[in-house]
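Taken together, the values in this text are just the output of simple stated rules run on the coordinates, not laboratory data. Note that the structure is predicted; figures quoted are calculated from it, not measured. When we count neighbours, we look across all protein chains shown, and the Cβ atoms used for this are built from the backbone with ideal geometry, even at glycine.
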Amino acid sequence: MKLGDLEFWLITDGTFRLDGGKWILLETGAGDKWDAKRTEIYSFDAPPRLPQKLIARGVPSEKIDVVINTHLHFDHCGWNTRIVNGEAVPVFPNAQYMVQRGELEHAKEPSDRDRASYFPENYAPMEKSGQWLLLEGDAEVIPGIELIRAPGHNRDMMCVRLTGGGKTVFFTADLIPTAAHLPYPWIMGYDLYPLTTLENKKKWIPEAAGGGWLVIFGHEPATPAGYLREQGGKYVLEPVALDS
């Protein structure tokens, strides 16, 4: 999809974006570091995987300049790394990886409530390689790509707003994981701070609808993108097909 001079693609394992000469990857999906039991539990897709999909676009992993992790739950950062000779190493060796500082700190010392969502092999290798850029609050990656801290799902999750050519795209991450979560009270049981999620939904849903933003959900297989329309005091999705 074109945003003025900018262009991005939606890929199953993550949202892929080209901007201003930089190759930027938003989210890296669940990865492939899974045993048979977890593969069955989570019903992960069969190949091709994210690196192969990027190669099909003509972009090998070495060309990625920036990787954005909205947070560090395993299903959002699994392709940060891969196993090579029994050791987890960065998949994108030349990239700067971005996440909130508080999220990385929490990932290293999670609570009993969310410990199962964090796998050290997804984030520790970038500390060793010096590839983390740790954020403290909202940040602009480059003009047209804004990272917005939106707590609720956890303390330091981010949403992403893309702008260009008079258009806006809003990636909701796990603030609104699927179209079914558009009603304000429909909040995931995984959320650590559900009332904060509620506050942020009441802030961002009307803004997205009023601004005519294209909304992209993080966990919606049937209708991953669309425009929000207000009908009778509620917000509904007008689906849009994006090239994958």
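So here's what we get for this one:
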| quantity | calculated |
| --- | --- |
| Relative contact order (%) - region 72-188, alpha-carbon pairs under 8 angstrom, separation at least six | 20 percent |
| For MET98, distant residues with modelled amide H under 5 Å away | VAL67, ILE68, ASN69, LEU133 |
| Amide H within-cut-off set for ASP138, under 5 Å, with H built and near neighbours excluded | ARG149 |
| Whole-Hz couplings from phi, Karplus 6.51/-1.76/1.60, listed for region 29-42; x for Gly and Pro | x, 8, x, 10, 8, 10, 7, 4, 5, 5, 4, 5, 4, 9 |
| Antiparallel DSSP beta bridges within region 113-244, as percent of all bridges there, nearest 5 | 90 percent |
| Charged-residue dipole, Cβ positions (Lys, Arg, Asp, Glu), region 92-244 about Cα centre, Debye nearest 20 | 280 debye |
| 3J(HN,Hα) from dihedral phi, region 188-194, Karplus parametrisation 6.51/-1.76/1.60, rounded to Hz, x for glycine, proline | 4, x, 6, 5, 6, 10, x |
| Charge tally in the Cβ shell below 12 Å around ILE205, where Lys, Arg are +1 and Asp, Glu are -1, ILE205 excluded | +2 |
| Length-normalised contact order of region 99-165 in % [C-alpha pairs under 8 Å, at least 6 apart] | 31 percent |
| The chain, relative contact order [Cα under 8 Å, separation at least 6], % | 15 percent |
| Cα pair count fraction exceeding 31 Å, expressed as % - the chain | 19 percent |
| The chain: antiparallel DSSP beta bridges as a percent of all, rounded to 5 | 75 percent |
| Estimated vicinal HN-Hα couplings, Hz - region 81-88 in sequence order (Karplus 6.51, -1.76, 1.60; Gly, Pro = x) | 9, 9, 8, 10, 6, x, 10, 6 |
| Pairwise centroid distance, computed over Cα atoms, of region 35-76 with region 183-244, Å | 24 Å |
| Additional length obtainable on full extension of the chain from ASP112 to THR39, 0.36 nm per residue less Cα span | 24.0 nm |
